[in-house]
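Visitor: Got a structure here, written out as structure tokens. Questions coming.
Computed from the coordinates by the stated procedures, all read-outs in this text should not be read as laboratory data. Everything numeric here is computed off the predicted structure, so don't read it as measured data. Every residue, glycine as well, gets a Cβ built from its backbone with ideal geometry; the counts of neighbours run over all protein chains shown.
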Amino acid sequence: MTYRDRILSTLRGEESDRLVYTPRLDLWYNANSAAGTLPARHSGRSPDEIARAEGWALHKVAPDFLNVRKPEETLHRAVGLYSLKEMVFSFELPGEVEVEVVQEGDQTRITYHTPRGAVTTASTFSAEMRRSGTSLSWISEHALKGPEDYPALAYLFENINLRPTGDDFLSWSEDIGPDGVACAMVGLAASPMHHIQREFLDATDFYYHYHDNQKELRALAESLEPYYEQALRLTLDSPAQVILWGANYDDMITYPAYFQKEILPWLQKASSAFKARGKIMLCHCDGENQGLLELIAASGIHAAEAICPHPMTKVPLEEYYRHWGDKLTIWGGVPSNLLLADSADEEEFEAYLNHLFQAVAPGHRFIVSIADCVPPQAVFERLVRLGERVEKEGRLPLEAGAFRPLPGDTGKAPEGRQEKPPPPPEEALAAVHQEVLRGRGPELTRLVQELLDQGFEASDILKKGMLSAMETIGQRFITGDVFIPEVLLSARALNQALVVLEPHLTSRDQEADGRVLIGTVFGDVHDIGKNIVTTMLKGVGFKVIDLGINVLAEKFVQEVVARKPHILGLSALLTTTMPQMRTVIEALEEAGLRSRIKIMVGGAPVNDRFAREIGADGYAPNAGLAVELAKKWFSS
Ligand code: B1M
């Protein structure tokens, strides 16, 4: 069997003779070829040549976003329109739409003038992002600023035309030959509403629009349906056998109730249409899937690609296999941080490999890969060793054996904590507490005003009513009983009511809590988690100064001098940007500022050990625990 045969039969759930190993090399390759640090034996080679020389199958699921046929093809990505050789259709904007493009340094601003108004987007792709291997630009200005932008976007998508481009896809597919399987990308969003969430809005703003403008947002989603229907039809009629439909599901961002309502129906519709034509559909499921296991299983997709298990996320590999092994193919299985010398030593890496072969026994419906991709500083010899072990031990069925947990690991996701009951409030304060929990800003503001009029102490309303509710929300977030939208809506309600409360608070009440300076480190544009941490810290009374994303060490130092925070919070989601946290701490030491502040680090790849190694004072795995740690520091 060729690699192509094995991948196809594994995806279809048919018998195969061996496990296939397909490390995704693009990020690693882009960063190391730019820095001139490719392994000497692979110098001058392309990623495919490297994989072939090592005897690995080619990973052809995620498109090569950087390698476009014409520069113009990247222009409309900020509204979620892609044109790539890995696609089987391209798009034509409606003739009445005038497109204005302005290039300002690393930033591209585009305005779409439509008969129903204009919308503007801006995206950035910096030299630093290129050096770090990133292949997608960062959207610095989203298309949807307010409901006034809905009609223009609706017009754009209602009138867009798609046409087939199967020939380019076929020639790309021929280049891959028997060494892999060409996967055709339909889009990174899985449904019209997911498209709006991913592409048109800032990740946190989406939840406000979703709550406040349900009717308008739903109408906009309906306007996107013709685009999705055309994309489905053209892909069904195309030569592609394997299709990538949707990416980056995560049980915080696409929380279960939302996934079920807005994403699942489209996955089910598309997967059954593809099945009926003998095609295979997969999704790039690189996020935290703990709360989505059953829903993804119910989606009808053939495979979940980029599966990144515990210890990088909460779900252990054996749990994935137990839930999904008879329903869909798991592609991935090796969390990328195990390839990094800083995150895992040789013994831990070997222990994980021993564990892997047992966790997926008997090995059907499993394709070995690094999830979501090989990081730039990966120890290349570990990649090679994994390949050798797959070669040596990968004959199917794998020898089943007693499953061995990782050293020090119970194999179970961390237990949630018990929620603390709110302090027994008087009835009126209990009502305040409830309105914060419900996230009802106008009702809360009215109630706070009434209580002030009745002579209630402003500080009681704040502390016993509002802040205690945010603590409850924080605890519920830790235990997984509420998701991001609830936290954001509660925090927004609290901030709205603070407008009437603040003039009545004494300066002591207002200055009672600490100042936190927070930011995502240089080279990293992930901000959803940092924003949640910020919101929750503000919710319990901290003054938070958010420096945003991609923040240089020098900027952190300047701001520590200027703002005199008690706590500095650093967030990083990439293993490539984790070392920036050390750089910030060293810069603070050099500036003689280190002893003045407590430093907290967090973000998916960060762990306690790393925090200690770089000299941070603490690490928090989630926003609720970040609040607990900040409070502990501040009260000690
Ligand atoms: Co990216 N991405 N991404 N991504 N992305 C990850 C992080 C990744 C882990 C996926 C994977 O491998 N499974 C992977 C990193 C691998 C690694 O290095 N170890 C990855 C990659 C590779 C990339 C790109 C390089 C992809 C590419 O270009 N080929 C690129 C990088 C761009 C760059 O930064 N230069 C990229 C881009 C993107 C999008 C733009 C598409 C999008 C980000 C949108 C945005 O942030 N505005 C995105 C997303 C959404 C993800 C996943 C799927 C979800 C991240 C998220 O927001 N989770 C992610 C998968 C994963 O994390 N497993 C992935 C929800 C959020 C609430 O959780 O951020 O963990 P989290 O925050 C938690 C805690 O960590 C903690 O509290 C939060 C709330 O409880 N926390 C702190 C966070 N910061 C804290 C600070 C604290 C304390 C606690 O103290 C100060």
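Visitor: On a 0 to 90° scale, report how tilted helix 468-478 is relative to the longest principal axis of the chain, with both axes built from alpha carbons and the result rounded to the nearest 10.
Guide: It is inclined by approximately 20 degrees.
Visitor: Roughly what would the spin-label model give for Ala35 and Glu347, points 7 Å off Cα along C-beta, in nm?
Guide: Inter-label distance under the simple model: 2.8 nm.
Visitor: So, in Å, what gap is there between the alpha-carbon centers of region 1-72 and region 288-330?
Guide: 23 Å
Visitor: Next question, about the same structure. Can you give the Rg/Rh ratio of region 98-142, where Rg is from the C-alpha atoms and Rh is the Kirkwood radius?
Guide: Numbers: Rg = 12.4 Å, Rh = 11.4 Å.
Reported Rg/Rh, Kirkwood definition of Rh: 1.09.
Visitor: Which whole-angstrom value gives the distance between the alpha carbon centres of region 99-136 and region 511-583?
Guide: Each part's Cα centre sits 25 Å from the other's.
Visitor: May I pose another question? For region 308-403, which chymotrypsin sites (Phe, Trp or Tyr not before Pro) are in a loop by DSSP, counting at most 16 other Cβ atoms within 10 Å? Provide the component values of the computation, followed by the final result.
Guide: Numbers: sites: Tyr320, Tyr321, Trp324, Trp331, Phe349, Tyr352, Phe357, Phe366, Phe380, Phe403; in loops: Phe403.
Passing both the DSSP loop test and the Cβ count: Phe403.
Visitor: Please report, for the Cα atoms of region 1-41, the Rg to one decimal and the Dmax as a whole number; what are they, in angstrom?
Guide: Answer for region 1-41, Rg first and Dmax second: 15.3, 42 Å.
Visitor: The chain: Rg/Rh from Cα coordinates, Kirkwood Rh?
Guide: Value, to two decimals: 0.97.
Visitor: I'd like the FRET efficiency for Asn213 and Asn161, computed as 1/(1 + (r/R0)^6) with the beta carbon distance as r and R0 of 25 Å, rounded to 0.05.
Guide: Values: r = 28 Å, r/R0 = 1.12.
Using R0 = 25 Å, I get an efficiency of 0.35.
Visitor: Measure nothing but the geometry: give the 0 to 90° angle between the long axis through the Cα atoms of 553-563 and the longest principal axis through the Cα atoms of the chain, rounded to 10°.
Guide: Once rounded, the angle reads 10 degrees.
Visitor: If one computes the Cα centroid of region 160-202 and of region 250-280, what distance in Å separates the two points?
Guide: Each part reduced to its Cα centre gives a spacing of 16 Å.
Visitor: Contour minus end-to-end for Ala562 and Arg596, with contour as 0.36 nm per residue of separation and end-to-end as the Cα-Cα distance? Kindly include the intermediate steps, with their values, before the conclusion.
Guide: Working: separation 34, 0.36 × 34 = 12.24 nm, distance 1.30 nm.
So the extension gain works out to 10.9 nm.
Visitor: Follow-up question, since we're still on this one. Over region 51-136, what is the relative contact order in percent, taking alpha-carbon pairs closer than 8 angstrom and at least six residues apart?
Guide: Numbers: 86 pairs, mean separation 17.0, N = 86.
Over region 51-136, the number comes to 20 percent.
Visitor: Can you give me the orientation-averaged projected area of the convex hull built on the Cα atoms of region 551-629, in nm²?
Guide: On the way: hull surface 18.9 nm².
Computed as one quarter of the Cα hull surface, the answer is 4.7 nm².
Visitor: Compare the peptides 16-22, 55-61, 477-483 by average per-residue count of other Cβ atoms within 10 angstrom and give them in order, highest first.
Guide: Numbers: 16-22: 21.6, 55-61: 24.4, 477-483: 18.3.
Highest mean packing first, the order is 55-61, 16-22, 477-483.
Visitor: Sticking with this structure for a sec: For the chain, what is the percent of antiparallel DSSP beta bridges, rounded to the nearest 5? Display every interim value, and only then the final one.
Guide: On the way: 23 of 63 bridges.
Beta bridges within the chain, antiparallel portion: roughly 35 percent.
Visitor: For the pairs Lys261/Lys632; Lys85/Lys275; Lys261/Lys327; Lys314/Lys538; Lys60/Lys215, note any where the Cα-Cα span goes beyond 32 Å. All intermediate terms of the calculation are to be shown ahead of the outcome.
Guide: Numbers: Lys261/Lys632 39 Å; Lys85/Lys275 24 Å; Lys261/Lys327 21 Å; Lys314/Lys538 27 Å; Lys60/Lys215 39 Å.
Among Lys261/Lys632; Lys85/Lys275; Lys261/Lys327; Lys314/Lys538; Lys60/Lys215, the Cα-Cα distance tops 32 Å for Lys261/Lys632; Lys60/Lys215.
Visitor: Sticking with this structure for a sec: Calculated FRET efficiency, Thr111 and Arg52, Cβ-Cβ r, R0 51 Å, to nearest 0.05? Please list the in-between numbers first.
Guide: Working: r = 45 Å, r/R0 = 0.87.
Computed FRET efficiency for Thr111 and Arg52: 0.70.
Visitor: Is region 313-362 best put as rounded, prolate or oblate by its Cα gyration tensor, with a ≥ b ≥ c the root eigenvalues, rounded for a/c under 1.5, and otherwise prolate when a/b is larger than b/c, oblate when not?
Guide: On the way: a/c = 2.82, a/b = 1.99, b/c = 1.42.
It comes out prolate by the Cα gyration axes.
Visitor: List the aspartates and glutamates whose alpha-carbon lies under 20 Å from that of Lys279, not counting same-chain residues fewer than 8 positions away?
Guide: Asp5, Glu14, Glu15, Glu86, Asp167, Asp168, Glu174, Asp179, Glu229, Asp237, Glu305, Asp326
Visitor: Now a separate question. Please state the shape class of region 215-321: rounded when a/c is under 1.5, otherwise prolate if a/b exceeds b/c and oblate if not, all from the C-alpha gyration tensor. Show your work: numbers first, answer last.
Guide: Details: a/c = 2.40, a/b = 1.30, b/c = 1.85.
Verdict is oblate for region 215-321.
Visitor: Give, in nm to one decimal, the length gained when the segment between Ala118 and Trp633 is fully stretched (0.36 nm per residue of separation minus the Cα-Cα distance).
Guide: Details: separation 515, 0.36 × 515 = 185.40 nm, distance 4.85 nm.
Stretched fully, the Ala118-Trp633 segment lengthens by 180.6 nm.
Visitor: Divide by every residue of the chain the summed helix terms, -39500 (n - 2.57) for each DSSP H run of at least 4, and state the resulting mean residue ellipticity at 222 nm, rounded to the nearest 500 deg cm²/dmol. It would help to have the intermediate numbers written out before the result.
Guide: On the way: 24 runs with 256 residues, N = 636.
The helix-only estimate for the chain comes to -12000 deg cm²/dmol at 222 nm.
Visitor: Something else: Starting from the 7 Å offset along Cα-to-Cβ, what nm value, one decimal, do you get for the label separation of Thr2 and Val101?
Guide: Those two pseudo-labels are separated by 3.7 nm.
Visitor: Separate question: Using a Förster radius of 30 Å, what is the FRET efficiency between Leu66 and Glu554 based on their Cβ-Cβ separation? Nearest 0.05, please. Could the numbers behind the result be given before it?
Guide: Numbers: r = 29 Å, r/R0 = 0.95.
Step by step, r from the Cβ atoms, then E = 0.55.
Visitor: I would also like to ask the following. Please state, to two decimals, what the Cα-based radius of gyration of region 1-139 comes to when divided by 2.2 N^0.38 Å (N = residues). Mind showing how you got there, number by number?
Guide: Working: Rg = 19.4 Å, N = 139, 2.2 N^0.38 = 14.3 Å.
Output field value: 1.35.
Visitor: Along the Cα-to-Cβ line of Lys275, 7 Å from the Cα, sits a label point; which residues in region 307-327 have backbone N less than 17 Å from it?
Guide: What the label zone holds, given the 17 Å backbone N cut-off, is 324-327.
Visitor: Taking only C-alpha pairs under 8 Å that are 6+ residues apart, what is the relative contact order of region 212-311 in percent? Don't skip to the answer; put the middle values down first.
Guide: Working: 111 pairs, mean separation 31.0, N = 100.
Once normalised by length, the contact order is 31 percent.
Visitor: Using Cα pairs closer than 8 Å and at least 6 residues apart in sequence, work out the relative contact order for the chain, in percent.
Guide: Values: 1180 pairs, mean separation 72.3, N = 636.
Here the relative contact order equals 11 percent.
Visitor: Taking a label point 7 Å from the Cα of Glu613 along the Cα→Cβ vector, which residues of region 311-340 have an amide N closer than 11 Å to it?
Guide: Within reach of a label on Glu613, which here means backbone N under 11 Å from a point 7 Å along Cα→Cβ, region 311-340 contributes 338-340.
Visitor: Going by average Cβ neighbours within 10 Å, how do the peptides 29-40, 203-214, 93-104 rank, with the highest at the top? Show your work: numbers first, answer last.
Guide: Values: 29-40: 15.6, 203-214: 17.2, 93-104: 11.9.
Output ranking for 29-40, 203-214, 93-104: 203-214, 29-40, 93-104.
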